[in-house]
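K.L.:
Supplied in structure tokens, the structure appears directly below.
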Amino acid sequence: MQILYTLGRSLLNSVRDLLPVVLVVVFFQLAVLQQPLPNLLQLTGGMLLVVLGLTFFVNGLQMGLFPVGESLAHALARKGSLFWLIVFAFALGFGTTVAEPALIAVAGEAAAIAADAGVIEHSEHAQLVYADGLRLTVAFSVGFAIVLGVVRILKGWPMHWMISGGYVIVVIITAFAPREIIGIAYDSGGVTTSTITVPLVAALGVGLASSISGRNPMVDGFGLIAFASLTPMIFVMIYGMLIQ
């Protein structure tokens, strides 16, 4: 009974969250363009699937991914092994990012545009190599970012200085990176923090900060996502300079 109540409340929350988007689309379609909604039945069915998918996804995060991330962080902290904690942090960042649907889509689109622009050969193999290289570079950078964030939590380093220094590096590298890679690099920082990466990384930070004496989960537990958004810009621009 409790599960049905929780799902019902989550369903209402999903409808509430998607309602502004639906209203905007309907308003511009009917009032601005003054055209009827195309494929109304298909559109309604698609929105219903989106609501159901969002509902189950959010509940899945709360029931599965968040507890798993926090429990692993607690267990590794109690174990007291810095090596395995660093390995876990890197593997978590790399594994969740390389499987990120948004990154896969952006990498494929970037490869197609690069081929059309003559940056790479206009062949399926060249596009696949370019997209895979971009995905692996971003995944490696996020793994590095999570390791950096974990070390920051362990040492208690001030996050604002690290973030400020990181963006200074981004600005400097931008001046030397090929123009064709700059936009992709900046977008890579956004697509890494999506549906798969964020829940596990956030749970890791909160769980780790909760397990270490003298650390405040509100102050020290968050911030890993900021590193995961920052480092891909640096690594992808360096990747572009190397392949150029």
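K.L.:
Would you kindly find the accessible area of Lys155, with a 1.4 Å probe and non-protein molecules such as ligands, DNA and RNA excluded, rounding to the nearest 10 Å²?
P.N.:
130 Å²
K.L.:
Continuing with the same structure: With +1 assigned to the C-beta of every Lys and Arg and -1 to the C-beta of every Asp and Glu, and no other charges, what is the dipole magnitude of the chain about the Cα centre in debye, to the nearest 20? Can you show the working numbers first?
P.N.:
Values: 9 positive and 11 negative charges, 191 e Å.
Its charge dipole is roughly 920 debye.
K.L.:
Right, next: Please list Leu40, Leu76 from largest to smallest accessible area, probe radius 1.4 Å, with all protein chains kept in place.
P.N.:
Putting Leu40, Leu76 in descending order of accessible area: Leu40, Leu76.
K.L.:
Could you give the Stokes-Einstein D for segment 45-184 in µm² per second, using the C-alpha Kirkwood radius, 25 °C, 0.890 mPa s?
P.N.:
135 µm²/s
K.L.:
Which value, in Å² rounded to 10, gives the accessible area of Met63 with a 1.4 Å probe and all protein chains present?
P.N.:
Estimated to the nearest 10 Å², Met63 gives 150 Å².
K.L.:
Oh, and also: Just one of (i) 1.07; (ii) 0.97; (iii) 1.04 is Rg/Rh (Cα atoms, Kirkwood Rh) calculated from these coordinates, so which is it?
P.N.:
Comparing each candidate, only (iii) matches the computed number.
K.L.:
Given a 1.4 Å probe and every protein chain left where it sits, what share in percent of the accessible area of the chain is carbon and sulfur?
P.N.:
On the way: 9940 of 13780 Å².
Carbon plus sulfur share of accessible area: 72 percent.
K.L.:
Using a Förster radius of 30 Å, what is the FRET efficiency between Val87 and Lys155 based on their Cβ-Cβ separation? Nearest 0.05, please. If you can, show how the numbers build up before the last one.
P.N.:
Working: r = 18 Å, r/R0 = 0.60.
Once the sixth-power term is evaluated, E becomes 0.95.
K.L.:
Given the options Gln127, Ala115, Gly95, identify the residue whose Cα lies farthest towards the positive end of the charge dipole of segment 2-134 (+1 on Cβ of Lys, Arg; -1 on Cβ of Asp, Glu).
P.N.:
Gly95
K.L.:
Using 0.36 nm per residue, how much length does the chain from Val219 to Gln29 gain when fully extended, once their Cα-Cα distance is taken away?
P.N.:
Extra length from Val219 to Gln29 when fully extended: 63.9 nm.
K.L.:
Please work out the average accessible area per residue across segment 124-244, using the 1.4 Å probe convention, and give it in Å².
P.N.:
Result: 46 Å² per residue.
K.L.:
In Å², what does the accessible area per residue of segment 16-88 work out to with a 1.4 Å probe?
P.N.:
Spelled out: the 1.4 Å probe surface of segment 16-88, per residue, equals 73 Å².
The values are calculated or read from the model by the stated rules, or taken from the named source; none is laboratory data. All of these numbers come straight from a predicted model, not from anything done at the bench. All Cβ positions, even for glycine, are placed from backbone atoms using ideal geometry, and neighbour counts span all protein chains on display. Ligands, DNA and RNA are stripped out before the accessible areas are found, and what is left, the full protein with its side chains, is counted by its heavy atoms. Shrake-Rupley method; radii C 1.70, N 1.55, O 1.52, S 1.80 Å.
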